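Here's the structure we're looking at; comments come further down.
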Protein chains: 2
Amino acid sequence: MKIGKGVEWAAHTCALLALLPANAALALDTLAEFIGVPSPYLAKQMQMLSRAGIVKAKRGVAGGYKLARLPETISLWDITGAVDGTTPSFRCTEVRKNGPCGASSDEVITPCKIAASFRNAEDKFRQELNSVKLPELVAGIALDVSDERKTRIKAWIEQNAAFSS
Amino acid sequence: MKIGKGVEWAAHTCALLALLPANAALALDTLAEFIGVPSPYLAKQMQMLSRAGIVKAKRGVAGGYKLARLPETISLWDITGAVDGTTPSFRCTEVRKNGPCGASSDEVITPCKIAASFRNAEDKFRQELNSVKLPELVAGIALDVSDERKTRIKAWIEQNAAFSS
DNA sequence: CAATTACGGATAAAATTTATCTGCAATTAA
DNA sequence: TTAATTGCAGATAAATTTTATCCGTAATTG
């Protein structure tokens, strides 16, 4: 069981975007610099967030990314699902049909208990992530550390964001 | 998020072993034939189950595998952990320390909220799998399908298991 | 001792993840 | 309308992980 590292980047990016004034946006390269990751690859994650309707992209001069919805409506699961996909972690190959005592196709219409258990477990996983919304992340990432850093971040945004007229 | 397919095999194997009389064991090749998977690779899973104390291996003539503990004490999480490992799905690279506004090392002693959320979610996942014990799996895999199959499986075990004297 | 069976490590093939590049489309400002 | 900027989509490549196999060794039984 493994979560791609793009999810971490995407989550930090969204947390940063949540601090942005409504009329501002941050360009890809600026975002990548802030969280310290290679920008060509972060581009992938941003595109997925964009397609999922989590962030809104604007091209051209003074373009960039901003959140597409209110932070309260964006959960950690939304981000994870967008970047890492939503295919189930457990892939049932219906082993029951194999071997000398293999069941016939019409015997296995009821789902395998193993697969069902993993589905349940994954539901719990998803529910938990779904209960964590962006404002909670912001509080636990950018601003909990020190007032000094808080000030620095705000100043950096002021200086590096693109403001629309 | 992905679970290796060896977990599926191991779970089916354990379910089969749970049907075994106390004085019997099943050899690797026999197990592999029953669930219809390549035996050299199943060997890896069996070794991990063995090291984890879930199955007991016996070498030599009439050797093979049997459960090391009562089925009631073996959960789907035990099996998953043994075969797939127990390293957390989310790997925090402490992005907070990166970039122009990076936090200093002593500012990030409190765990990142993102990482903490994934830990919570994974705990829920683990708890759910831990609540599913082997007898429940047996009922939902081998014996739920039809009485005819039930009989065939029991007969096959009788014929292919190694019985100790 | 001879046959059998699991163990452990090495190795290789396949698939997936991670990362980069390039040409194109859209947007804005001069 | 042109030039500069910025995101989009797809192709490609490198690195890592998963999947799979093999072989020599150790243990067990009769």
Once phi for every residue in segment B:86-101 is put through the Karplus expression 6.51 cos²θ - 1.76 cosθ + 1.60 (θ = phi - 60°), the whole-Hz ³J(HN,Hα) values, with Gly and Pro written as x, are 10, 5, x, 6, 9, 10, 7, 9, 6, 4, 4, 7, 7, x, x, 10
A convex hull over the alpha carbons of the protein assembly as shown yields, per residue, a volume in Å³ of 149 Å³
Asked for the total accessible area buried by A and B (1.4 Å probe, Å², nearest 100), one would answer 5400 Å²
Residues hit by the 50 Å² burial cutoff in segment B:1-24, accessible area with a 1.4 Å probe, assembly against chain on its own, are B:M1, B:K2, B:I3, B:E8, B:H12
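Taking the highest mean first, how do the peptides B:53-63, B:4-14 order by number of other beta carbon atoms within 10 angstrom per residue?
Taking the mean over residues of other Cβ atoms within 10 Å, the ranking is B:4-14, B:53-63.
Peptide A:85-97: average number of partner chain Cβ atoms within 10 Å per residue?
Details: counts 2, 1, 2, 3, 8, 9, 6, 2, 6, 1, 12, 9, 1.
That works out to 5 on average.
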Segment B:24-103: spread of alpha-carbon positions along the three principal axes, whole Å, largest first, is 66, 28, 21
Mean projected area, convex hull of alpha-carbon positions in chain B, reported to one decimal in nm², is 12.4 nm²
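From other protein chains only, count the Cβ atoms within 10 Å of every residue's Cβ in B:124-134, then give the mean.
Details: counts 9, 11, 4, 2, 9, 6, 1, 3, 7, 0, 0.
Whole-number average of other-chain Cβ neighbours for B:124-134 is 5.
Using Cα pairs under 8 angstrom and six or more residues apart, how large is the relative contact order of chain B, in percent? The partial results should precede the final answer.
Numbers: 179 pairs, mean separation 52.9, N = 165.
This gives 32 percent for chain B.
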From DSSP H assignment alone, runs of 4+ in the protein assembly as shown each adding -39500 (n - 2.57), the sum over residues rounded to the nearest 500 puts [θ] at 222 nm at -15500 deg cm²/dmol
Segment B:1-56 and segment A:1-27 have their Cα centres apart by a whole-number Å value of 43 Å
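Taking only protein heavy atoms into account and a 1.4 Å probe, give the accessible area per residue of the protein assembly as shown in Å². Walk me through the numbers on the way to the answer.
On the way: 15260 Å² over 330 residues.
I get 46 Å² per residue for the protein assembly as shown.
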Reduced to Cα centres, the span from segment B:110-125 to segment A:89-113 in Å works out to 34 Å
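Taking 32 Å as the cut-off for C-alpha to C-alpha distance, list the pairs among B:K56/B:K150; A:K5/A:K97; A:K124/B:K44 that go past it.
Cα-Cα > 32 Å for A:K5/A:K97; rest within.
The values are calculated or read from the model by the stated rules, or taken from the named source; none is laboratory data. Worth saying up front: this structure is predicted, and the values here are computed from it rather than measured. Counting neighbours? That spans all protein chains shown, and the Cβs are built from the backbone with ideal geometry, glycine included. Side chains included, ligands, DNA and RNA excluded: accessible areas come from the protein's heavy atoms. Shrake-Rupley method; radii C 1.70, N 1.55, O 1.52, S 1.80 Å.
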